[in-house]
Amino acid sequence: MNFNDKASMYDQIATSQNEAADALYKDIKNFCSLKPTSNILDLGCGTGYITRKLADDFDFVTGIDTSEKMLEQAADNGGNIEYVLRDASKLNETCEYDLITANSLTYYITDLESAFNSYYLALKPKGYLALQSQTEVTPQFWGAFQALRENKESQQFIESYKFPANMQSQHTLAHYLKEARFSILLEKTIHFKTLCNIETSLAIFMSGTATPLLNQKAYSLALTDRYIEIFWDTIQKEFTKQAVDGQILLDIPRAFLIVQK
């Protein structure tokens, strides 16, 4: 599973990412001194949720992503925004942007040190980098995934699996940013606790966590249709077990940092 696979439904299932984007956008408004003519770059923009919010306030907004289908959906959603198919893990511009945003992105970047250094160079003097990143897998989701070990058909796949996302704590992210010469303006972690039914829990799971858990590159064995069938059947059954009166309390920890060049 990748982001091209879920682009058409992403806006409907990415409620958790959008809630975090709303919080990040509020922090940007409170901590960043910007003008309507400021040049903004949104990294890993997806279908453009926070990108459109930024375009309501600023004249020059660019969104980049590696998923062609997500960018097509973003363009269909409207807004005076330039969307570009491009890798966000390293920029090559110099003194180009007043603000760079990264919502739910950094855990997909392997070399954060290199990425943050390139963001620093791409910003104008006194420019800002605003990011939000989940710091660990939602415990309810990880517990459901681990239940696959109990099935003889799926056990060998789980044993061949290595989690591919680069999730880091708020303090580790701050360390990398300081190493890249940024000054920290805001640094916090919020636990987003969401009480939702099984269907909504599955949608939230599908919008994010399912991507690294069904990433072929994370397995030394080739994924089969049968394993994928068992995967989804097990996840749904485990969510049903976790539910109390049909509801699951999800705990999603997210780090927020705003830094300045």
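The values are calculated or read from the model by the stated rules, or taken from the named source; none is laboratory data. Keep in mind that this is a model prediction, so the values were computed, not measured. Reconstructed Cβ throughout: ideal geometry from the backbone, glycine too, with neighbour counts over all protein chains shown.
Would it be correct to say that Ile40 is within 27 Å of Pro253 (Cα to Cα), touching a helix residue (DSSP H, G or I) at 6+ places or on another chain (Cβ under 6 Å), hydrophobic (A, V, I, L, M, F, W, C) and not in a loop (DSSP other than H, G, I, E, B)? Against the criterion (within 27 Å of Pro253 (Cα to Cα), touching a helix residue (DSSP H, G or I) at 6+ places or on another chain (Cβ under 6 Å), hydrophobic (A, V, I, L, M, F, W, C) and not in a loop (DSSP other than H, G, I, E, B)), Ile40 qualifies. Of all residues in the stretch 68-94, those satisfying the criterion of being among the polar types (S, T, N, Q) and closer than 20 Å to Lys53 by Cα are Gln73, Asn77, Asn80.
Scanning the stretch 33-74 for residues being among the hydrophobic types (A, V, I, L, M, F, W, C) and surrounded by fewer than 21 Cβ atoms within 10 Å (Cβ to Cβ) gives a total of 4.
In the stretch 192-207, the qualifying residues are those that are out of contact with any Lys or Arg (no Cβ under 8 Å at 6 or more places or on another chain) and closer than 18 Å to Arg254 by Cα, and the one that is surrounded by the most Cβ atoms within 10 Å (Cβ to Cβ) is Ser201. Restricting attention to the stretch 88-123, the residues being of a type in the set (D, E, K, R), at pLDDT 95 or above and in contact with a Ser or Thr (Cβ under 9 Å, 6 or more places away or on another chain) number 3.
Could you grab me the full set of residues in the stretch 122-140 that are touching a Lys or Arg at 6+ places or on another chain (Cβ under 9 Å) and either part of a helix (DSSP H, G or I) or under 24 Å from Lys26 (Cβ atoms) (or both)? Across the stretch 122-140, the qualifying residues are Leu123, Lys124, Lys126, Gly127, Tyr128, Leu129, Gln132, Ser133, Gln134, Thr135. All conditions but one from (1) free of Cβ contacts under 8 Å to residues at least 12 places away in the same chain; (2) part of a helix (DSSP H, G or I) apply to Ile28; the one that does not is (1). I'd like to verify a number: residues in the stretch 48-89 that are assigned to a loop (DSSP other than H, G, I, E, B), in contact with a helix residue (DSSP H, G or I) (Cβ under 7 Å, 6 or more places away or on another chain) and not polar (S, T, N, Q), how many? The total comes to 3. Under the condition of being touching a residue at least 40 places away in the same chain (Cβ under 8 Å), in a helix (DSSP H, G or I), more than 19 Å from the chain's Cα centre (by Cα) and surrounded by fewer than 19 Cβ atoms within 10 Å (Cβ to Cβ), the residues counted in the stretch 141-184 number 5.
Just one residue in the set Thr101, Thr135 is touching a strand residue (DSSP E or B) at 6+ places or on another chain (Cβ under 7 Å), touching a residue at least 12 places away in the same chain (Cβ under 8 Å), surrounded by 21 or more Cβ atoms within 10 Å (Cβ to Cβ) and under 28 Å from Ile252 (Cβ atoms); that residue is Thr101.
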